[in-house]
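These notes are about the structure you will find just below.
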Amino acid sequence: MNSALCSCMTSILTYETYKSVVVRSWPLGIVYRLAQLIIISYFVGYVFLYEKAYQVADTNIESSVTTKVKGFGKLDNAVMDVADYIYPPQGEGAFSIITKIIETDNQFQGRCPESEKEFNCSSNADCIQHLGSVQADGMITGECNTTAGYCEIEGWCPAEDDKVKIKPMPEFVNFTIYIKNSIRFPLFNVTRGNFNSTKDIKTCKYDKIEDPFCPIFQVDYILNETRQNVTMLAEKGGEIGIIIQWRCNLDHDVNFCVPKYSFSQLDAPFQNAKLSKGYNFRFAKYYKTEDGTDYRRLHKVFAIRFDVIVTGTARKFSLIPTVINVITAVTSVGMGTVLCDLILLHCSKRAQYYKEKKYEEVSEEQINESLTPKPGSQLSIRRGNSSCNDSGAVSISTNF
Amino acid sequence: MNSALCSCMTSILTYETYKSVVVRSWPLGIVYRLAQLIIISYFVGYVFLYEKAYQVADTNIESSVTTKVKGFGKLDNAVMDVADYIYPPQGEGAFSIITKIIETDNQFQGRCPESEKEFNCSSNADCIQHLGSVQADGMITGECNTTAGYCEIEGWCPAEDDKVKIKPMPEFVNFTIYIKNSIRFPLFNVTRGNFNSTKDIKTCKYDKIEDPFCPIFQVDYILNETRQNVTMLAEKGGEIGIIIQWRCNLDHDVNFCVPKYSFSQLDAPFQNAKLSKGYNFRFAKYYKTEDGTDYRRLHKVFAIRFDVIVTGTARKFSLIPTVINVITAVTSVGMGTVLCDLILLHCSKRAQYYKEKKYEEVSEEQINESLTPKPGSQLSIRRGNSSCNDSGAVSISTNF
Amino acid sequence: MNSALCSCMTSILTYETYKSVVVRSWPLGIVYRLAQLIIISYFVGYVFLYEKAYQVADTNIESSVTTKVKGFGKLDNAVMDVADYIYPPQGEGAFSIITKIIETDNQFQGRCPESEKEFNCSSNADCIQHLGSVQADGMITGECNTTAGYCEIEGWCPAEDDKVKIKPMPEFVNFTIYIKNSIRFPLFNVTRGNFNSTKDIKTCKYDKIEDPFCPIFQVDYILNETRQNVTMLAEKGGEIGIIIQWRCNLDHDVNFCVPKYSFSQLDAPFQNAKLSKGYNFRFAKYYKTEDGTDYRRLHKVFAIRFDVIVTGTARKFSLIPTVINVITAVTSVGMGTVLCDLILLHCSKRAQYYKEKKYEEVSEEQINESLTPKPGSQLSIRRGNSSCNDSGAVSISTNF
C-alpha cells in the first residue's frame, strides 16, 4: 500500500521538458533572434504601451447633465429673457434657444381662407389638390368658397402665414451656456464632475486653449468652432452638438480624468439633402375670452437646438487581459521558431541534415521489428516500476 | 575582450527548435490531420468569417434625434393640429401624440365634493377610508359634509371626474412622423445620417420592403407592425418604441452603413401585470379672471408615446484582436498533438514502444553515475567555449 | 501516378509529436506540479468561475422609462397637485418635483427699477457696473434714473426679486414615484420589465430589504438613502439619481434577470465647488389683458430633479471567448516548463548534465563534416520514399 503510493508519487513527481535541437549557425541565429525581437517589440510597444491591452475598458458611462442659459435679447421690440426663449425651461441636456418667432395671434376655432392668398380656386377639387401639396397648417377640409375664390379651411383661424419676414433676435450670440455634468463609470465606481471644485467658475469663459475646463460656453464661440453661418442660423435654426468626452486612464491619478469638449453641427450628414434646412417647431399659448371661449397664439419658432452628448471610456489595469496578452506574447515569441524551421528545413542547403537531426522517425516496420522477440535484440525495454500510468514516463536502457 | 564578445555572440546567435518524433502510421496520421482540419475550419469559418473576430467593435454610439409630426385630427368638435396634440412640442426623440383628453375646466382653489358622486358618508372616518382607496385627485383633506352626505376635499375645484366617456381622436393613425437621426461612432470617427441625401424624401413613406430608408413613418404602419389594437390604444394610450439599429462593417464602404428600423411595444414586459394599462399624464393650462384670480383647466391626456431608441455597433479591422486570434488559432492547431498523444501513449497496442521513443528519461541515479568520474566512461562532457550563460546551448561530443 | 499519390499520402499522414526529456527528480517534480497547479487554479477559479471569462457581455442596453408621481402638497396656501408641481408633466425619466416657487406676478414689458432696492446710483456708469455684477433678470440696458436714484432696466416689469423668503412645500417627502422601465439587450434579444407581472404592485412600497422589486418609491426613502438634508433640499433644490442596474447572467433562468435600484446625489462631485448650490429654473405663464396686452407671471422654481439612469450588462456563454481562454489556460500550463527549465538549467548543481540531455547541438562543423563524403562514414543518410516535401519527415537509418 505504502509502497504503491510511493511509486505513484514518484511517477507523478517527474518533470517533463521538451528536448531541443540547438543549431549553431550565425545566419539562422540572426534571423531567429530578429524575428523574436520584432515580435517582442510589437507586443511591448504596440499592444502594451500604445494600445494598453493590459487594461479593461468601461464605455458604459452614466451621465447626468443640467444646463443654464443666461442673457437677454430683443425680438420684435420686446425684451426676451430665459423664461421666454429657452425651451424646455428645466435645464435639460437638450434645449433650444429661440432666435425667431412667427406668431399667429388670436386664433379661434372656425372656418377661414387658407394662408396662400395668391391661389384662386374654382372647385373643391382645385383646393384638395392645392392644399395637399402645400400642407397648410390648420387644414382639415379644404372646400372652395366659389364666391370669394379662395380655399376655405376648418380649424384654428386665421391660418398661419409662415412666409412673413421677421427679423431674428441678434443678441443670442452673446448668451452663455453653463453646463453641469456629473458622470460615473459603474465598472470602477468612479464619479467625476466636469469642473474643478476649487476654482471659481463664476467669471470664467470656455476657450479650448486658454480655459479648457471652464463649464461656461459663449454661444458665438461654439458657432465659430463649428464654422456656422450665424445669420443663416438665426434665420432658419440649427442643431449643434456639444460633445463632452471623458477618456480616463484610472491607473493614473483620478484627477487626470477630465472632460474634453468639442462642438459639431448635428445636421452635417444632411447637408446635401433635399429638405428644408434648419430647426423649427410649433407650440401655442392658450387664452380664454371673458365668456370662456378658447383662443390661442400659435408660435412657429426657429431655434438653435443644443444637444449635450456625453461619451466616455475609462480604462484600468485588469489581470485577465494582461495574462491573456502576456501569454499570447510569450507564445508569439515561440512563433519565431515556425519561421526559422521553414527556412531551416526547406530553404537551407543542409535541409536534409537538419531534418535528420530534428525528426526522429518511428515507422510501423520498426515497431513490428522491435516487438518481435529476436535473440540479440538491439533494444531491451524495461518498464519503470511505477504502479500508475498517469505519467507516460518510462525508463529506457539502451545498450549501444 | 573582443574574443569574449565574439563567443558571447556565438552563444546568442544559436537557433533552438524542438526535436520531434515522427510516427509513420496511417490511422494516427488520419486522426492527427483530421483534428488539425477541424480546428482550422473552426477558426477560419466560425471565428474569422462568421464572428469576424479580426475586428474591433464600437458600441458607444453618439446619437441625436429630432422628430416632426404632421397631420390634423378632430377631438370633441375642435380641430387639433401639431401644436395641440404633440407633447413636448420641440421635436425630441421621445414624444407623445395625444389621442384623448379628459378636460376639467374652470378649476379654482377651494372646497368641493370629491368626484365619486355615488359615495355617501356619515363621518370623517368614512371619507378618509374612501378617499385613501380611490386616491382622488385634488384631495388633501377629506372631511365629511354630513348635511349633504358627501366627502369634501380641498384643492382645485371642481374635482376631476376621469370616469367620463370621451370619444378619442380617430385621425391619429394617418399622422406621419419624420425622424432625423445623425449618429457618430467616436472610436472610428464616422458620422452618418439616417437617410440618403440625394433622394427626395419629401414624398416617400417608410415600408420595410418597398422603401426601407425613407425617414417618414405613418402611425398606422407602425401600429400594424407592433400588432396593436388601435381602438384600445386610442382609448387608453400606449408606448411604442421606434428602434433604429446601426450595424456597420467599416471594412466595407461607409455607404453600406445604413439604419434598420424596427418597432416594438415598450410595455410588452408588463402585459400580464396587474396595473392600469396604457399611458396617460396630466397637465394644466392656467388662466386669470379679470380680477386676477387664478384658475386652470386640468387635462388628463391619453397619448401614444413614441420613443426613438438608437442602438448601434460599428466594426473595423484591428491588429490586436487579429494577432491574438491568429496566435490562438496556430496554438490550437498544436492542440491536435495533445489528443493524438493520448491515443498514442495510452490506447495504442504499441504504446510502450512509442513512450520509449517520445520520452528520454533522466533519473537521479543516472546523473549520479555520470557525475562520478569512472575510468573508461562512455560519456565525456566538454563545455562549449561560450563565456556567457544566457543560452543553454552546449556542445556535446559523444564517442560511440 | 497512383504510387505517387500513395507515397504523398504516406508522407502527409504522419504524426509529429515533441520529443520530451523526463527528469525523475522529486524536488523538481514538486516545483513543476505546483506551478501547474497554481496556473490551473488561477484559470479555473479566477478567470472562469469568478470573472466568467467564458461569457460574452452586452452593455449596449436599450431602455425606456416612464414615471408617475402621486401626492398633494400645500404651497403658499394653495393645494398643489401633480399638474402643478411636476415638470415636465409627461412622465419622462428625468423630471422635477417643485418644492418652492418665487412668483413675480403681472409682469408687463416696460421700464422699471431693478430689484436691488438698496443700491443708489448717480450715473449710468454706476448702473452698468452694478448690474453687470448682479446680472439682474429682465435687464437689457441699465440706465440711472438720477432723480429717483435707482438703476432702470428695460424688459419685463416689475423685476424679479428672488431674495424674498418663501416657505417651501413640506409634503413632498410623502410623494410616491412609480417607475416603469422596460429594457432590451439587443445582442441576446432579451426584453425585461422592472417588476414581476404576477404581483400586485399597487399597494407596495420600495424597500431595499423588505421589497426590493417594488417599483413605487417614496421620496423620503430616497432622500434618506442619499443622506440628504431635507430642509436644505426643499429650500435650494437638488439633483438625485435613481440608478437602475441590470446585471443579467443569461446562462441562468431569465427570471433572475432583475433590476437593482440605488440612489445617488448627482451634484456630489460639485460639493466643494464655489457655485450656488441646488437646482432651480425659471419659466413663465402668459396671460392677456382684455385689450390684448401680454403679461406674464415669472416663476423661479426650486425643484428636486430626479434622473432615472438605467445601466446594464448581460452576459451569456459564447464559444469564442471560451475557446480563447481555454487555449490560453492550456498554453499557460505549459509555461510551468519555462520556470522549471530556468531552475534545472541554471540553478541546479547538475545543470551541466541536464543541458546535455535537453539540448542536442548541431554546429556548422558537424554539418560540413557530415556533408563531405568520407569512406567509412558513421552516418549514411537515406531519403524516405516520399515524393512530396510537405512534411519534413525523413527516415534515418543509423549504423552504430
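The values are calculated or read from the model by the stated rules, or taken from the named source; none is laboratory data. Quick caveat: nothing in here was measured; it's all calculated off a predicted structure. Backbone-built Cβ (ideal geometry, glycine too); neighbour counts: all protein chains shown.
Taking the condition of being outside any strand (DSSP E or B) and at negative phi, how many residues in the range B:51-68 meet it?
Residues flagged as outside any strand (DSSP E or B) and at negative phi within the range B:51-68 amount to 6.
Conditions first: (1) crowded, with 17+ Cβ neighbours inside 10 Å; (2) at positive phi. B:Phe281 passes all but one, so which condition is the exception?
(2)
For the range B:75-101, which positions are of a type outside the set (A, V, I, L, M, F, W, C), at negative phi and more than 8 Å from every other protein chain (Cβ to nearest Cβ)?
B:Tyr85, B:Gly93, B:Thr99, B:Lys100
Do you know which residues across the range B:76-117 are more than 22 Å from A:Cys157 (Cα to Cα) and part of a loop (DSSP other than H, G, I, E, B)?
Passing the criteria: B:Pro88, B:Gln90, B:Gly91, B:Glu92, B:Gly93, B:Glu114, B:Ser115, B:Glu116, B:Lys117.
Just the residues that are modelled with pLDDT under 90 and not basic (Lys, Arg), please, taken from the range A:64-76.
A:Gly71, A:Phe72, A:Gly73, A:Leu75, A:Asp76
Do you know which residues across the range C:285-305 are touching a residue at least 60 places away in the same chain (Cβ under 8 Å), of a type outside the set (Lys, Arg) and under 20 Å from A:Asp105 (Cβ atoms)?
C:Thr293, C:Asp294, C:Tyr295
Please go through the range B:275-286 and give me each residue that is at the interface with another protein chain (Cβ under 8 Å from one of its Cβ atoms) and either touching a helix residue (DSSP H, G or I) at 6+ places or on another chain (Cβ under 6 Å) or more than 24 Å from B:Ser96 (Cα to Cα) (or both), ordered by number.
Scanning the range B:275-286 gives B:Arg282, B:Phe283, B:Ala284.
Of the residues that sit in the range B:289-337 and are assigned to a helix (DSSP H, G or I), at the interface with another protein chain (Cβ under 9 Å from one of its Cβ atoms) and of a type in the set (Val, Ile, Thr), which one is farthest from B:Pro168 (Cα to Cα)?
B:Thr337
Can you tell me which condition A:Ala393 does not meet? The list is (1) modelled with pLDDT of 75 or more; (2) touching a Phe, Trp or Tyr at 6+ places or on another chain (Cβ under 8 Å); (3) under 30 Å from C:Phe43 (Cα atoms); (4) buried (at least 21 other Cβ atoms within 10 Å of the Cβ), and all the others hold.
Here A:Ala393 meets the rest and fails (1).
Would you check which residues across the range C:16-74 are touching a strand residue (DSSP E or B) at 6+ places or on another chain (Cβ under 7 Å), within 9 Å of chain A (Cβ to nearest Cβ) and over 30 Å from B:Phe95 (Cβ atoms) and list them?
Result: C:Glu16, C:Tyr18, C:Lys19, C:Ser20, C:Val21, C:Val22, C:Val23, C:Arg24, C:Ser25, C:Leu28, C:Gly29, C:Tyr32.
Which of (1) under 30 Å from B:Thr322 (Cα atoms); (2) in contact with a Leu (Cβ under 6 Å, 6 or more places away or on another chain) is the odd one out, the single condition B:Lys19 does not satisfy?
(2)
What are the residues in the range C:3-15 that are β-branched (Val, Ile, Thr) and either facing chain A (nearest Cβ under 8 Å) or crowded, with 22+ Cβ neighbours inside 10 Å (or both), if any?
Residue satisfying the conditions is C:Thr14 alone.
Using the structure shown, decide if B:Tyr32 is in contact with a Cys (Cβ under 8 Å, 6 or more places away or on another chain), buried (at least 20 other Cβ atoms within 10 Å of the Cβ) and of a type outside the set (A, V, I, L, M, F, W, C).
yes
Scan the range C:58-67 and tell me whether some residue there is hydroxyl-bearing (Ser, Thr, Tyr) and either closer than 30 Å to C:Gly336 by Cβ or touching a Pro at 6+ places or on another chain (Cβ under 8 Å) (or both).
Looking through the range C:58-67, none of the residues is hydroxyl-bearing (Ser, Thr, Tyr) and either closer than 30 Å to C:Gly336 by Cβ or touching a Pro at 6+ places or on another chain (Cβ under 8 Å) (or both).
Would you say A:Ser122 is more than 36 Å from the chain's Cα centre (by Cα), crowded, with 21+ Cβ neighbours inside 10 Å and either of a type in the set (Lys, Arg) or at pLDDT below 90 (or both)?
No.
Mind counting the residues in the range A:244-288 that are part of a strand (DSSP E or B) and more than 18 Å from the chain's Cα centre (by Cα)?
Matching residues across the range A:244-288 total 9.
Collect the residues in the range C:184-241 that are among the small types (Gly, Ala, Ser), within 12 Å of another protein chain (Cβ to nearest Cβ) and touching a residue at least 40 places away in the same chain (Cβ under 8 Å), keeping them in residue-number order.
Result: C:Gly237, C:Gly238, C:Gly241.
Any residue at all in the range A:315-322 that's over 24 Å from the mean Cα position of the chain (by Cα), free of Cβ contacts under 8 Å to residues at least 24 places away in the same chain and crowded, with 20+ Cβ neighbours inside 10 Å?
The answer is no; no qualifying residue exists.
Output the residues belonging to the range C:67-97 that are within 27 Å of A:Asp58 (Cα to Cα) and in contact (Cβ under 8 Å) with a residue 40 or more places away in the chain.
C:Gly93, C:Ala94
Counting only residues that are within 30 Å of B:Arg192 (Cβ to Cβ), of a type in the set (A, V, I, L, M, F, W, C) and facing chain C (nearest Cβ under 8 Å), how many does the range B:260-274 have?
Final tally of qualifying residues: 2.
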